[in-house]
Amino acid sequence: MADTIKFPIEASHIMMFARSIGDTNPIYHDEEYAKKTEVGHITAPPTFPRAVAQFDPDYHLRWRPNQPWFGSGKNPSSIEGKPKSSGGLHAEQHFEYHRPLKPGDVLTVTTKPGKTWEKESKRAGKLVFTETIQEMRDQNGELVITSRGVGVKTERPVDQG
Amino acid sequence: MALSASKLKVGDTHEEVVVEDLSRTQIVMYAGASGDYNPLHSDEVYTTQAAGYPSVFAHGMLTMGMTGKMLTNYVGDGRLTKFGVRFTNQVWPGDTLTAKATVEDIREEGGQKIVDLKVETVNQDGKVVVSGSASARLDP
């Protein structure tokens, strides 16, 4: 993940994101409606800040031309010898909101690593947790969103018991 | 519509069915919008044959996003100050999810009324898939 990412907040991106979570609230796509609300403009759903992945040049979960990709093509995985448990799952996500997002905002997102810890689990073997903290500041340097994510690498696929 | 502190009490709840019979297409829409193209969420061949799961499954953030829809419907737009969850079980195509908020505390912070909510989303078998908390600004 890049240390600093520019994250432009765009109305069409918000509209597509809201559709994907099944949220038909017009504040996410109807400018005329949004003007009459307390917020006063189109804003983004509360979990939208993670869509910063679209703007991370190094994001590892996006297919790219002429680079190995671990999803299926001719074979179930196009990277040979990949362990069966590729293991990266999302364990926790926490947001703090300082003001509503607005189309036209350009956030500067800085990422820093947090804690790392381990746990034994019956369902997936050894678990390694890694915390990532992101601060999202607007064009005036004001803090808009703080995001703390915890990822987990599992020793084997999670047992569906 | 925002909530009023005067009309709210500890123990009040709000719940919504946030998805019925989750489709693989919705999961693909979430991948496209969020930018998380992990094949575990859209590539059945990879997920079953290489990763060892019974089928593709939803992004944790899709479930959190649908849980957030219940929250903004309850507390109003632009009112959340915090929202955090743990992902406790995977969500699969075909799942029906119900998200619920429970009022845990109503307090004042710098002259502003704040509600603290417990947040939980369960699947059709009552299994908790997302568990966490949220806080929001209230009208007086």
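The values are calculated or read from the model by the stated rules, or taken from the named source; none is laboratory data. The structure presented is a predicted model; accordingly, all values stated were derived computationally and were not measured. Note: ideal-geometry Cβ built from the backbone for every residue, glycine included; neighbour counts use all protein chains shown. Remember, those area values only see protein heavy atoms, side chains included, never the ligands or the DNA or RNA. Shrake-Rupley method; radii C 1.70, N 1.55, O 1.52, S 1.80 Å.
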Query raised in the report: Just a yes or no: is a residue in segment A:31-39 touching a strand residue (DSSP E or B) at 6+ places or on another chain (Cβ under 9 Å), within 9 Å of chain B (Cβ to nearest Cβ) and surrounded by fewer than 18 Cβ atoms within 10 Å (Cβ to Cβ)?
Result: no
Query raised in the report: Can you name the number of the only condition in (1) acidic (D, E); (2) more than 9 Å from chain A (Cβ to nearest Cβ); (3) closer than 19 Å to A:S77 by Cβ that B:D12 fails?
Result: (3)
Report summary line: Residues in segment B:1-26 that are in contact (Cβ under 8 Å) with a residue 12 or more places away in the chain and open to solvent by 90 Å² or more (accessible area, probe 1.4 Å) total 8
Query raised in the report: Within segment A:49-64, can one find any residue that is over 16 Å from the mean Cα position of the chain (by Cα), surrounded by 13 or more Cβ atoms within 10 Å (Cβ to Cβ) and at the interface with chain B (Cβ under 9 Å from one of its Cβ atoms)?
Result: no
Requested in this report: Report yes if some residue within segment A:42-50 is out of contact with any Leu (no Cβ under 7 Å at 6 or more places or on another chain) and either under 30 Å from B:A50 (Cβ atoms) or modelled with pLDDT under 95 (or both); otherwise report no.
Outcome: yes
Report summary line: Within segment B:40-80, residues among the hydrophobic types (A, V, I, L, M, F, W, C) and over 13 Å from B:W92 (Cα atoms) come out as B:V45, B:A50, B:A51, B:M61, B:M64, B:M66, B:M70, B:L71, B:V75, B:L80
Report summary line: Scanning segment A:117-148 residue by residue, the ones that are modelled with pLDDT under 95 and at positive phi total 1
Query raised in the report: Can you name the condition, by its number, that B:G94 falls short on among (1) within 21 Å of B:L8 (Cβ to Cβ); (2) in contact (Cβ under 8 Å) with a residue 60 or more places away in the chain?
Result: (1)
Query raised in the report: For segment B:29-131, list the strands (runs of 3 or more DSSP E) that sit wholly inside it and hold at least 3 residues that are open to solvent by less than 30 Å² (accessible area, probe 1.4 Å) and facing chain A (nearest Cβ under 7 Å); which are they?
Result: B:80-87
